[in-house]
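Student: Dropping a structure here in structure tokens format, bear with me for questions.
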Amino acid sequence: MSKRVITFGTFDVFHVGHINILERCATLGDTLIVGVSSDDLNHKKKNRYPIYDQESRMKIVQSLKFVDEVFFELSLEKKREYIEFYKADILAMGDDWEGKFDEFKDICEVIYFPRTPSISTTEIIEITKNI
Ligand code: CTP
């Protein structure tokens with residue numbers, strides 16, 4: 001049976017850590033579906049808008065050869081709905097989320113990958129601010 005993998009993220013100021021996790025997620029199955037968090041969701045979560053708007057972030061993610069489907073994640077509370085709607089067999093995330101999505105183990109497999117060390121959107125923004 002072909003396996004469907006789902007993952008979520010902001011993917012702002014796209015960097016190699018994003019590539020690595022998406023590449024790893026893709027190795028778990030045949031179809032990779034990515035929920036790109038909306039601008040409003042980010043504002044709610046972090047009290048600031050992403051540097052790149054949601055259309056740009058989605059376009060970047062969609063253009064990767066190992067990504068098959070993309071959609072906007074509009075609410076953190078809708079993860080279960082998204083997993084069910086996209087018929088995902090596996091939910092995969094970076095280990096900064098370790099344990100946080102175990103509640104979905106009743107409907108899919110949940111896997112956490114180690115983050116790529118020493119890089120994050122937040123750090124890139126901080127570094128470029130100080131140049
Ligand atoms: N990720 C990763 N390695 C990194 C950075 C991110 O594996 N060095 C993963 C996260 O664990 C998540 C996905 O990439 O599963 C999207 O993360 P996102 O929050 O969009 O990226 P960050 O760089 O972590 O952004 P921020 O600094 O704003 O939290």
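Student: What value, in deg cm²/dmol to 500, does the helix sum -39500 (n - 2.57) over DSSP H runs of n ≥ 4 give at 222 nm once divided by the residues of the chain?
Tutor: Rounded to the nearest 500, it is -9500 deg cm²/dmol.
Student: Under 25 °C and 0.890 mPa s, how fast does the chain diffuse according to Stokes-Einstein, given a Kirkwood radius computed over C-alpha pairs? Answer in µm²/s, whole number.
Tutor: Values: Rh = 15.1 Å.
For these conditions, the coefficient is 163 µm²/s.
Student: Still on this structure, I have one more. Amide H neighbours of residue 94 under 5 Å, at least 5 residues apart or on other chains, H built in the peptide plane: list them.
Tutor: Amide H neighbours of residue 94: 113.
Student: State, as an integer percentage, the relative contact order of the chain based on alpha-carbon contacts under 8 Å between residues 6 or more apart.
Tutor: 31
Student: Hey, if you put +1 on the Cβ of every Lys and Arg and -1 on every Asp and Glu Cβ in the chain, which of 36, 64, 15 ends up farthest toward the positive end of that dipole?
Tutor: Of the listed residues, the answer is 15.
Student: Does region 62-115 classify as rounded, prolate or oblate by the C-alpha gyration tensor (a ≥ b ≥ c root eigenvalues; a/c under 1.5 gives rounded; else a/b over b/c gives prolate, otherwise oblate)?
Tutor: Oblate is the answer for region 62-115, as a/c is 1.5 or above yet b/c matches or exceeds a/b.
Student: What ³J(HN,Hα) values, in whole Hz, does the Karplus curve 6.51 cos²θ - 1.76 cosθ + 1.60 give for region 20-32 when θ = phi - 60°, with x put for Gly and Pro?
Tutor: Rounded to whole hertz, the list is 4, 5, 5, 5, 5, 4, 5, 5, 6, x, 9, 10, 10.
Student: Another one. In nm, to one decimal, how far is the residue 2 label point from the residue 124 one, both placed 7 Å along Cα→Cβ?
Tutor: Here the answer is 3.1 nm between the modelled labels.
Student: Taking other Cβ within 10 Å of each residue's Cβ, how do 18, 43 sort, fewest first? Mind dumping the intermediate values first?
Tutor: On the way: 18 24, 43 12.
If I rank by nearby Cβ atoms, fewest first, I get 43, 18.
Student: Under a point spin-label approximation (7 Å from Cα along Cα-to-Cβ), what is the residue 69-residue 43 distance to one decimal in nm?
Tutor: Those two pseudo-labels are separated by 2.9 nm.
Student: If amide H atoms are built 1.01 Å from N in the plane of the peptide, which residues on other chains or at least 5 residues away come under 5 Å of the amide H of residue 8?
Tutor: 35
Computed from the coordinates by the stated procedures, all read-outs in this text should not be read as laboratory data. A quick note: this is a predicted structure, and the numbers were derived from the prediction, not measured. Counting neighbours? That spans all protein chains shown, and the Cβs are built from the backbone with ideal geometry, glycine included.
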